[in-house]
Amino acid sequence: MNTKKLLKILGFIIGPLIPLTIAMYFLFPYLNEEKYEEIAKTDDYADVIADDEMIDAIGADFETIKEQVVAFRKDNRNLQMTLDSLRMVNDSLKKALASTKSEMEKLSGTQGQNEDPETEAALAETTREEEEEEFKENIKSFLSLDDENLAPIINQLSDDQLVRLYKGGSSLHRKKLLRTLESKRAAQLMTEVM
């Protein structure tokens, strides 16, 4: 057979098949209504399943955001505690400075008068003892922070403040102070103390 005849035969077979397929596609809902409704319901469930998956994905994102918020709040509380302890130390240092200045003024004022040096010395001694007790209490509260919160604070203090903290603290506080300091600063502190 010749190829022209073969192509004509195939054209007569396939040619009507294409319009018939298109017509069946559009007439299917009317020809088989039950099957069409079943297929349509299945598609609706697919959308519902896709919506559930999207809700689960959004829920997972919400949970991670919620965990991040909890972590940020915890960090904020830790930083607030650190800030409060720094304020307490700062206040105690300011009080100690003010009392030292007042003592210096008293001493410079009494040197010219010399009325009763024993009373003045006793008054200065009691004032100094009260300040030392208050300073030790502030040191206890400051050094009661855990090491990870205490380390950045202590590394920011000046050498004079570190020497004063070291001398004013108990042996446990001294160990904690040295443990939280960087090694170079701890060595420098020990050379200044000794």
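The values are calculated or read from the model by the stated rules, or taken from the named source; none is laboratory data. Just so it is clear, the model here is predicted, and its values are computed rather than measured. All Cβ positions, glycine included, derive from the backbone under ideal geometry; neighbour counts span all protein chains shown.
Going by the structure shown, is Thr100 surrounded by fewer than 14 Cβ atoms within 10 Å (Cβ to Cβ), at pLDDT below 85 and of a type in the set (Val, Ile, Thr)? Show your work before the answer.
Working: surrounded by fewer than 14 Cβ atoms within 10 Å (Cβ to Cβ): yes; at pLDDT below 85: no; of a type in the set (Val, Ile, Thr): yes.
No; evaluated as a whole, the condition is false for this residue.
Quick grid of which residues meet (1) among the hydrophobic types (A, V, I, L, M, F, W, C); (2) touching a residue at least 12 places away in the same chain (Cβ under 8 Å):
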| residue | (1), (2) |
| --- | --- |
| Ile139 | yes, yes |
| Leu143 | yes, yes |
| Asp146 | no, no |
| Ile153 | yes, yes |
| Ser158 | no, no |
| Leu165 | yes, yes |
| His173 | no, yes |
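Just checking, does region 182-192 include any residue being farther than 25 Å from Asn78 by Cα, surrounded by 12 or more Cβ atoms within 10 Å (Cβ to Cβ) and of a type in the set (Val, Ile, Thr)?
Within region 182-192, none of the residues are farther than 25 Å from Asn78 by Cα, surrounded by 12 or more Cβ atoms within 10 Å (Cβ to Cβ) and of a type in the set (Val, Ile, Thr).
Just a yes or no: is a residue in region 108-119 over 30 Å from Gln161 (Cβ atoms), surrounded by 11 or more Cβ atoms within 10 Å (Cβ to Cβ) and modelled with pLDDT under 75?
yes
Could you count how many residues in region 137-154 are within 20 Å of the chain's Cα centre (by Cα) and among the polar types (S, T, N, Q)? So that I can check it myself, show each step before the final result.
The first filter runs over region 137-154 and keeps only residues within 20 Å of the chain's Cα centre (by Cα), leaving 145-154.
Filter once more, keeping what is among the polar types (S, T, N, Q): 149.
Summing the residues that are within 20 Å of the chain's Cα centre (by Cα) and among the polar types (S, T, N, Q) in region 137-154 gives 1.
Out of all the residues in region 131-152, is one or more among the hydroxyl-bearing types (Ser, Thr, Tyr) and at pLDDT 80 or above?
Scanning region 131-152, I find no residue that is among the hydroxyl-bearing types (Ser, Thr, Tyr) and at pLDDT 80 or above, so the answer is no.
Filter region 89-105 down to residues that are in contact (Cβ under 8 Å) with a residue 12 or more places away in the chain and closer than 30 Å to Leu145 by Cα and give me whichever is nearest to the chain's Cα centre (by Cα). Talk me through it step by step, then tell me what you get.
We begin by selecting, within region 89-105, every residue in contact (Cβ under 8 Å) with a residue 12 or more places away in the chain; these are 89, 91-93, 95-96, 99, 103.
In the following step, the residues that additionally are closer than 30 Å to Leu145 by Cα were identified as 89, 91-93, 95-96, 99.
Numbers: Val89: 23, Asp91: 26, Ser92: 28, Leu93: 29, Lys95: 32, Ala96: 34, Ser99: 38 Å.
Selected residue: Val89.
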